[in-house]
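Undergrad: So that we are looking at the same thing, I have put the structure below in structure tokens.
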Amino acid sequence: NKRNILGISGSLRRDSFNRHVLAAATELAEADVALSTYDLAAVPLFNGDLEEGGDPASVAEFKRAILDSDGIFIVTPEYHHGMPGVLKNAIDWAGSDANHNVLKGMPTATIGASPTMFGTAFSQQQLKQSLVAAGASVMQQPSVFIAHANKKIAKNGAITDEDTKAMIASSLRAFSEWIDHKEK
Ligand code: FNR
């Protein structure tokens with residue numbers, strides 16, 4: 001049975017390293033995994049008033065995409081040692097109890113790329129904390145930090161470092177297997 005995994009990039013930038021990692025994961029996915037992506041650009045800033053009478057259309061669409069998936073594969077940059085506001089904002093919407101917290105019990109995995117030597121370690125730690133707080137089920141291992149991303153990912157998106165390519169593929173594989181394991 002095929003796993004439907006939803007991929008989310010915490011960076012909206014066109015030539016984002018993290019967008020490129022997500023695209024590479026989509027290409028590297030094995031036959032039993034379908035990785036589709038959801039673009040967070042359309043999600044408005046969280047405002048509890050907007051939840052009255054149901055979620056705004058773009059939020060409802062985002063939450064539907066999560067519900068229709070078997071798990072969420074989140075690729076995050078790091079800004080000021082934390083996750084991007086774009087991503088935190090999306091978690092706040094998805095995990096809000098006002099309408100339906102779609103993160104509750106949802107399998108999630110994090111990965112990320114940055115040009116620095118720590119490769120999103122701080123950002124992913126914070127991201128995992130927020131996912132846990134929203135009730136999501138968070139895969140703890142393997143940790144995948146793509147450090148010095150500028151030397152491993154070309155501007156056109158090609159992953160020029162073979163080890164990085166293998167890490168991306170194996171992290172998606174590990175996530176899919178972890179979801180299977182949870183269901184047994
Ligand atoms: C950064 N960057 C960064 N990198 C990092 O490893 N740790 C950090 O704390 C920060 N802080 C930070 C703050 C802000 C406001 C920006 C814009 C950038 C650098 C960041 O990793 C780099 O810009 C990446 O290219 C962003 O990811 P995408 O957009 O390429 O996916």
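Undergrad: Say we join alpha carbon atoms closer than 10 Å with springs in a Gaussian network model of the chain; which of Gly54, Gly157, Gly71 then has the biggest fluctuation?
TA: Comparing Gly54, Gly157, Gly71 in the GNM, the peak value goes to Gly54.
Undergrad: Another question about this same structure. What do you get for the angle between helix 57-67 and the principal long axis of the chain? Use alpha-carbon atoms, 0 to 90 degrees, nearest ten.
TA: It is inclined by approximately 60 degrees.
Undergrad: Additional query: Explain nothing, just the number: dipole magnitude of the chain about its Cα centre with +1 on each Lys and Arg Cβ and -1 on each Asp and Glu Cβ, in debye rounded to the nearest 20.
TA: Using only the charged Cβ atoms, the result is roughly 460 debye.
Undergrad: Tabulate in residue order the Karplus-calculated ³J(HN,Hα) for region 93-107, using 6.51 cos²θ - 1.76 cosθ + 1.60 with θ = phi - 60°, rounded to whole Hz; enter x for Gly and Pro.
TA: Taking θ as phi minus 60°, the curve returns 5, 5, x, 6, 7, 4, 9, 8, 6, 7, 8, 4, x, 6, x Hz for region 93-107.
Undergrad: Taking every eigenvalue of the Cα gyration tensor of the chain, multiplying by 5 and rooting it, what semi-axes result, largest first, whole Å?
TA: 25, 19, 15
Undergrad: Hey, got a sec? Which trypsin sites (Lys or Arg not before Pro) in region 54-116 land in a DSSP loop and have at most 11 other Cβ atoms within 10 Å?
TA: none
Undergrad: For region 58-158, treating each Cα as an identical point scatterer without solvent, what Debye log10 I(q)/I(0) comes out at q = 0.13, 0.23, 0.25 1/Å?
TA: Taking Cα atoms of region 58-158 as identical point scatterers yields -0.47, -1.18, -1.29.
Undergrad: Further question: Who wins for biggest fluctuation among Leu172, Leu12, Leu103 in a Gaussian network model of the chain, springs between alpha carbons below 10 Å?
TA: Largest GNM mean-square fluctuation: Leu12.
Undergrad: Kindly identify region 1-78 as rounded, prolate or oblate by the Cα gyration tensor criterion: order the square roots of the eigenvalues as a ≥ b ≥ c, call it rounded if a/c is under 1.5, otherwise compare a/b with b/c, prolate if a/b is larger, else oblate.
TA: oblate
Undergrad: Given a Förster distance of 30 Å, report the FRET efficiency between Ala174 and Arg14 from their Cβ-Cβ distance, rounded to the nearest 0.05.
TA: Step by step, r from the Cβ atoms, then E = 0.55.
Bear in mind these aren't lab numbers, they're just calculated from the coordinates by the rules spelled out. What you see is a predicted model, and the numbers here were worked out from it, not measured in a lab. Neighbour counts are summed over all protein chains in view; Cβ atoms, including those assigned to glycine, are modelled from backbone coordinates with ideal geometry.
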